[in-house]
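A.B. asks: Let me begin by handing over the structure; questions about it come next.
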Amino acid sequence: MRRAPALPPGGVLARLDPWPLLGAAALLVVLVFVAWPLSELALESFIGQESQHFGFENYATFFASSYFRRALFNSLTIGALGTIIALCIGVPLAFAYARYDFPGRDTIEVAILLSMLSPPFIGAYAWIMMFGRSGWVSEFARDLGIELPPIYGAFGISIACAFGLYPLAFLVVRSGLARVNRSLEEAAYSLGRGRLGVMFTITLPLVLPALLTAALLVFLGVVSDFGTPGILGEGERFPVLATLAYSLYLSEIGAEPGMAATTCMILLAITFVLVLGVRFLSGRRSVASDTASDLTLRPLSGGKRWAMTSGVALLVLTANVPTIVVVVSSFLEVRGAVFQPVFTLANYRNAMVAMGNALWNSLMLATIALALIIAVGGSAGYYISRRSGLLPRALDLLIMVPFVVPGTVIGIGYATVFNEPPLLLTGTYAIIAIVYVIRRLPYMTRSCAAIVFQIDRALEDASLSLGRPPLAGFRRIVLPLMRPGMVAGAAIAWVEVFSELSASIVLYTGPTRTLPIAAYQQAATGDFGMAAAYSTLLVGIAAIGLFIFLFAARGRRDRVVGWI
Amino acid sequence: MNRGPGPHLWIDRVVKRYGSFTALDGVSLTASRGELLTLLGPSGCGKTTLLRIIAGFLQPDAGQVSLAGRGLNGVPPNARNLGMVFQNYAIFPHLSVAENVAYGLRARGIASSEIVRRVAEALARVRLAQFADRFPDALSGGQKQRVGLARAMVIEPELLLLDEPLSNLDAKLRIEMRQEIRLMQRELGITTVYVTHDQEEALAISDRIAVMDRGRILQVGTPREIYEQPTHAFVADFIGGCNWFEGTVSNGELRLAAGPRLACSAAPQTARLALRWEDLRPARETDPPQSCLAARVAMVSYLGHRVRLHLRACQDDTEIHADLPSHGELHMEGTTALFAFDPQRARVFASDGTRLL
Ligand SMILES: Nc1ncnc2c1ncn2[C@@H]1O[C@H](COP(=O)(O)OP(=O)(O)O)[C@@H](O)[C@H]1O
Ligand SMILES: [Mg+2]
């Protein structure tokens, strides 16, 4: 050898493995901001609203009251209906995208993702504008002598939610289909099964876990939604658990926090039973194929291609109608509750005047929350997927809990726990940023963990053996490889955080009002012009953020290669 | 740097357990400076585990590893100054070929002008100079592994570790690459531990081979020693093709169930005789009858450089192979013939696998 090799610096930093420490810190955070509020709520639900005694008094009250029972029944109804409708849109789309090549695929896919942009409650009030008592479709039909069924209530809420949530079903089922090994289907064809036979004997059983997961996610989305039933349920007339818990907790005339906690627990119980049920069902039917499956798409012959395109486009267009209606009507003149076909910017002028700092608050809080989500989700995802032991498993479990906990429940939990020392946070910007982070961390953490799982461990070993300390290897090797996937996760997190309503509406105070809250309040009080303007701003800014992220994700690799 | 006497790499009674399973059961091994030492053994015998302990990715439950006179226990992998080559290449996919090779030099804070020079030199050595600015996804498997080699060697490591570096390559490339590795290793004089389950690869490139089985080292020796003087039945069986004959030792003689007898001074017991496939040949007039056996030709496989006869001993139906020169006499399937061997070439093992003769 020519010379003594330079040994890497062997200081404390080179030896330090910081991950267990970071993991423990993250665990502490989720203990405080997930476990504590939820256990406090659980505890409160057993403290009698009247008697202050420990026991099942509140639960007895709940089930004795026909109004409360109706809320439970309504929640389950809209959950089931909304799930069916969303699957009816999402599953055919997923099959089309997973299997067939047709013109306009990519463009329409953007439109599908766009329908995720607008929170369901915005759609909700587009439905009112069209099909409400004085909606223009209803008026038009009335002019023709037809009385349309009312949009208020179970059906309207289910449709509005489903139109916002079908992209979720689409994404889950499509990735499930992509994992089904195509050669299994081909084997079935070769054994003499027809197209439908193969579909029912092979494909459907194999994607059943994905279908169940999709159904679960949509169902949870519907029963957790606060804004849609708030607007389409007309308050007390069509109570659901989420709105019931909110009004019990915040009612101006005699709040009943104990009953609110009980309602939250019943909502939580439904979600946990469903989560466990789906896990049980799909666990027993685990059909994951570990061989990479063939992802080539089936070309369609001339006529069929265009039929496929029009079918898909029609579905997606229908699902986007509410958003389009909102955006268009934000530029129309309003008289009373009726839009006139006259272009104006008056809605925006009025909205700006009444806005206060809602827009600024939303931008600031969402940006801070997103930065935290990326940092915490990225490192927690890495830690969970690379390390074994009790600490990472506990962290994984606790981080995931808010994924299935309705926002209203988290909001009420926070309001209960953080309104007194040692952690007095109510009324602060911090509590809203924290609730944003905690609610969207699960998705980011899981997708990061999945990305890390696909990054060859040997790369990190190679980096170590070449003399880089663990943290430097993470920064130079793992992080650059995670980045493309993380950007996609961050784009979705941005949209969801920016339009978060159901937890922040419990926690906001005048100065910390956000854009979604403003939009909801205007829609709920029936000022449609301003609501449309707020909603358009909301969707527009969410979309701009989304596109910035998607552009950041693209075109990274084509940088000039100068390595010194 | 320690250039004094004594082994360069010294592994002393290393034990590694996974739960109740003992993956390494008191492994001791040394390598002198510049030596290429191969760990050879079937899949699951603990080769990777031992290599990762040397590299510092795993901590031994007992025992010591020292390198150049320095104890390595507790030294993190990034402070060991080792080069490592991985089975699946582990080339950083987001860095160009040159950036990959420069990675370890950067970690050492070397001046960039020197980095440029050394990277160019290393890439030239693995014949990839013109690929410097390519990204790994534009390389073939063999090229990727050359990047891996260049990346590990350019840091002038104290020790080079290779874990089945060729097993993802096709057969022809494997032979080519193993020669390249050997030549480069000799030229640079890097002490190397090379893991493989391929006995031919091990024989071809090693200074010494350590044969492992179930977490133990059974024999360490030069390729010739390992092949010709196996000290353990497992070693004889694992390396090369062996015929096994059951027999018993009594009265200073080993009697095989298949017929032949030979002198053996061991205590009376059952024993097994190993005979390489190429050490069995058609009997001549001059062969003593006790080293001959009659066998039926069940199948003849023509392998090009030789002919392999699949035989059945007439006496006890033992399965036997004989590799004969392909230009020799013709054997017809179904016929019976007399075969002979030189007792000097036979190895006798006790029933526990240890060598008797
Ligand atoms: N992390 C682990 N946990 C449990 N058992 C392991 C682990 N890693 C390896 N083993 C076991 O240890 C044995 C030796 O493994 P390894 O060193 O990888 O073998 P080789 O490289 O020789 O094929 C194998 O039986 C393997 O199943
Ligand atoms: Mg191995």
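The values are calculated or read from the model by the stated rules, or taken from the named source; none is laboratory data. This structure is a prediction, so every number in the text was calculated from the model and none was measured. Don't worry about glycine lacking a Cβ; one is built from the backbone with ideal geometry, like all the others, and counts go over all protein chains shown. Ligands, DNA and RNA are excluded from the accessible area calculation, which covers all protein heavy atoms including side chains. Shrake-Rupley method; radii C 1.70, N 1.55, O 1.52, S 1.80 Å.
A.B. asks: Test residue B:52 against the stated conditions and say whether it is more than 9 Å from ligand 1 (Cβ to nearest atom) and either within 14 Å of chain A (Cβ to nearest Cβ) or open to solvent by 40 Å² or more (accessible area, probe 1.4 Å) (or both).
C.D. replies: Values: more than 9 Å from ligand 1 (Cβ to nearest atom): no; either within 14 Å of chain A (Cβ to nearest Cβ) or open to solvent by 40 Å² or more (accessible area, probe 1.4 Å) (or both): yes.
The answer is no for residue B:52.
Here is a yes/no grid of residues against (1) in a loop (DSSP other than H, G, I, E, B); (2) over 9 Å from the mean Cα position of the chain (by Cα); (3) surrounded by 21 or more Cβ atoms within 10 Å (Cβ to Cβ); (4) free of Cβ contacts under 8 Å to residues at least 40 places away in the same chain:
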residue: B:187; (1), (2), (3), (4): no, yes, no, yes
residue: B:195; (1), (2), (3), (4): no, no, yes, no
residue: B:203; (1), (2), (3), (4): no, no, no, yes
residue: B:209; (1), (2), (3), (4): no, no, yes, no
residue: B:219; (1), (2), (3), (4): no, yes, yes, yes
residue: B:227; (1), (2), (3), (4): no, yes, no, yes
residue: B:230; (1), (2), (3), (4): yes, yes, yes, no
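A.B. asks: Name the residue that is nearest to the chain's Cα centre (by Cα), counting only residues in the stretch B:273-286 that are charged (D, E, K, R) and open to solvent by 80 Å² or more (accessible area, probe 1.4 Å).
C.D. replies: Pass one, the stretch B:273-286, residues charged (D, E, K, R): B:276, B:278-279, B:281, B:284-285.
Next, only the ones that are open to solvent by 80 Å² or more (accessible area, probe 1.4 Å) stay: B:284-285.
Working: B:284: 36, B:285: 39 Å.
The extreme case among them is B:284.
A.B. asks: A further question on this structure: Residue check: is residue B:40 crowded, with 20+ Cβ neighbours inside 10 Å and either at the interface with chain A (Cβ under 9 Å from one of its Cβ atoms) or in contact with a helix residue (DSSP H, G or I) (Cβ under 8 Å, 6 or more places away or on another chain) (or both)?
C.D. replies: Values: crowded, with 20+ Cβ neighbours inside 10 Å: yes; either at the interface with chain A (Cβ under 9 Å from one of its Cβ atoms) or in contact with a helix residue (DSSP H, G or I) (Cβ under 8 Å, 6 or more places away or on another chain) (or both): yes.
Answer is yes for this residue.
A.B. asks: Any residue at all in the stretch B:114-127 that's touching a residue at least 60 places away in the same chain (Cβ under 8 Å) and either open to solvent by 30 Å² or more (accessible area, probe 1.4 Å) or within 12 Å of ligand 1 (Cβ to nearest atom) (or both)? Can you show your working first?
C.D. replies: Initial filter on the stretch B:114-127 (touching a residue at least 60 places away in the same chain (Cβ under 8 Å)): none.
Among the residues of the stretch B:114-127, not one is touching a residue at least 60 places away in the same chain (Cβ under 8 Å) and either open to solvent by 30 Å² or more (accessible area, probe 1.4 Å) or within 12 Å of ligand 1 (Cβ to nearest atom) (or both), which makes the answer no.
A.B. asks: Could you please let me know if residue B:173 is more than 16 Å from ligand 2 (Cβ to nearest atom) and within 14 Å of chain A (Cβ to nearest Cβ)?
C.D. replies: On the way: more than 16 Å from ligand 2 (Cβ to nearest atom): yes; within 14 Å of chain A (Cβ to nearest Cβ): no.
Answer is no for this residue.
A.B. asks: Follow-up. For the stretch B:145-164, which positions are touching a helix residue (DSSP H, G or I) at 6+ places or on another chain (Cβ under 6 Å) and within 16 Å of ligand 1 (Cβ to nearest atom)?
C.D. replies: Listed by number, the residues that qualify are B:161, B:163.
A.B. asks: Which residues, counting only those in the stretch A:132-170, are surrounded by fewer than 21 Cβ atoms within 10 Å (Cβ to Cβ) and among the hydrophobic types (A, V, I, L, M, F, W, C)?
C.D. replies: Result: A:136, A:137, A:140, A:141, A:144, A:146, A:148, A:154, A:155, A:168.
A.B. asks: Answer with yes or no whether residue B:86 is open to solvent by less than 50 Å² (accessible area, probe 1.4 Å) and in contact with a strand residue (DSSP E or B) (Cβ under 7 Å, 6 or more places away or on another chain).
C.D. replies: yes
A.B. asks: Any residue at all in the stretch B:183-194 that's within 14 Å of chain A (Cβ to nearest Cβ), closer than 27 Å to residue B:63 by Cβ and within 16 Å of ligand 2 (Cβ to nearest atom)?
C.D. replies: yes
A.B. asks: What tally of residues in the stretch B:292-332 results from selecting those that are farther than 11 Å from residue B:258 by Cα and outside any strand (DSSP E or B)?
C.D. replies: Kept after step one, since they are farther than 11 Å from residue B:258 by Cα, are these residues of the stretch B:292-332: B:296-311, B:321-332.
Subsequent filtering for residues that are outside any strand (DSSP E or B) retains B:303-305, B:326-332.
The total comes to 10.
A.B. asks: Do any helices (runs of 4 or more DSSP H) lying entirely in the stretch A:354-446 carry at least 3 residues that are modelled with pLDDT of 90 or more and farther than 30 Å from residue A:17 by Cα, and which ones are they? Quick ask: steps written out before the conclusion?
C.D. replies: Values: elements: A:358-386, A:390-404, A:407-417.
The helices (runs of 4 or more DSSP H) meeting that bar are A:358-386, A:407-417.
A.B. asks: Hey, another quick one. Within the stretch B:131-142, does at least one residue satisfy the condition of being open to solvent by 10 Å² or more (accessible area, probe 1.4 Å) and aromatic (Phe, Trp, Tyr)?
C.D. replies: Quick first cut of the stretch B:131-142, residues open to solvent by 10 Å² or more (accessible area, probe 1.4 Å) only: B:131-135, B:137-141.
If we keep only those that are aromatic (Phe, Trp, Tyr) too, we end up with B:131, B:135.
Yes, because at least one residue in the stretch B:131-142 is open to solvent by 10 Å² or more (accessible area, probe 1.4 Å) and aromatic (Phe, Trp, Tyr).
A.B. asks: Right, something else. So which residues in the stretch B:263-287 are assigned to a strand (DSSP E or B) and under 20 Å from residue B:321 (Cβ atoms), if there are any at all?
C.D. replies: So the first thing to find is which residues in the stretch B:263-287 are assigned to a strand (DSSP E or B), and the list is B:263, B:269-276, B:280-282.
Within the stretch B:263-287, B:272, B:273, B:274, B:275, B:276, B:280, B:281, B:282 meet the criteria.
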